[in-house]
Each structure stands twice: as structure tokens, then as C-alpha cells.
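Reading through the C-alpha cells given below for one structure.
The values are calculated or read from the model by the stated rules, or taken from the named source; none is laboratory data. What you are looking at is a predicted structure, and each value in this text was computed from that prediction instead of being measured. For neighbour counting, all protein chains shown are included, and Cβ atoms are generated from backbone atoms with ideal geometry for every residue, glycine included. Accessible surface is based on the protein model in full, side chains and every heavy atom, while ligands, DNA and RNA are left aside. Shrake-Rupley method; radii C 1.70, N 1.55, O 1.52, S 1.80 Å.
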Amino acid sequence: QVHLVESGGGLVQPGGSLRLSCVASGSVVGIGSTSWWRQGSGNQREMVATIPTGGSPHYGDSVKGRFTISRDNDKNTVYLQMNSLKPEDTAVYYCKVFRWGEIFWGQGTQVTVSS
């Protein structure tokens, strides 16, 4: 089992920044790609950014140029740097990992962008 804990969410004004963290624990050997997803009120869950074990990150169209995903394998942590935040970025943000054919999700962290 892989246990994922997200943190770093909160309330921020439009144009502001936040950095989310996703820490993996448990059976972390073999973790492959890691991604951030989000789900706003009344919306479907959508992919925000994904980072494979090798290769380049990919981003959803709505966050390209504003968000950056990165990983620190020594700390079993994946980050999501979010800049130029907009009210439409308001959502619960979830971390998702693949490990040997299984999918694991974190519990989510709330991000609210409002003045």
C-alpha cells in the first residue's frame, strides 16, 4: 500500500501563489508516474499535471505556463507550484500515483482563490 498526504492548500487572493506537497509513505518502491488532479464544486475531477519517472511533465491546458510539477525522489515528495492563481483554480487538489498497476489517491487539500 502507498499512503499519500497532500498539504499546502489554503486561501489565496487572485494572482497569488501556493505550493502543494504530496508525500508518499509505505510501499514507495516502484512508484511510477505521479500526478495532481483537482475537483471543483459540481465539476468532474480533472488532471492538472503529471510527472513520469523519466521524461517531461505534462499539464492540463488550463494551467500551462502557470503551474509547475516537480519531484524529490529522496523525500518521496511531489510538488505543485501554482502561480498566477485564478478563482477558477478553486478546487480540492488530489495527488495520484501508479505503482505496479495499482492506483493510489491522497485525501486532497483545499485551494480557494478569492479576494
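Points worth noting:
- Rounded to the nearest 20 debye, the dipole magnitude of the chain is 60 debye, with +1 charges on Lys and Arg beta carbons, -1 on Asp and Glu beta carbons, and the Cα centre as origin.
- Choice from LYS64, LYS96, LYS86 with maximal GNM fluctuation in the chain (Cα, 10 Å cutoff): LYS64
- Globularity index of region 1-84, i.e. its alpha-carbon radius of gyration over 2.2 N^0.38 Å: 1.11
- Stretch gain in nm, segment THR77-ASP61, where the contour uses 0.36 nm per residue and the Cα spacing is subtracted: 3.4 nm
- Derived scalar couplings between HN and Hα for region 63-69 equal 10, 4, x, 10, 10, 9, 9 Hz in order, rounded to whole Hz, by the Karplus curve 6.51 cos²θ - 1.76 cosθ + 1.60 (θ = phi - 60°), x for Gly and Pro.
- The mean accessible area for residues of the chain, using a 1.4 Å probe and ignoring ligands and nucleic acids, is 53 Å² per residue.
- A probe of 1.4 angstrom, applied to the heavy atoms of all protein chains, finds ILE69 with accessible area near 10 square angstrom.
- Amide H to amide H distances under 5 Å link GLY60 with ALA49, where only residues 5 or more positions off or on other chains count and H is placed in the peptide plane.
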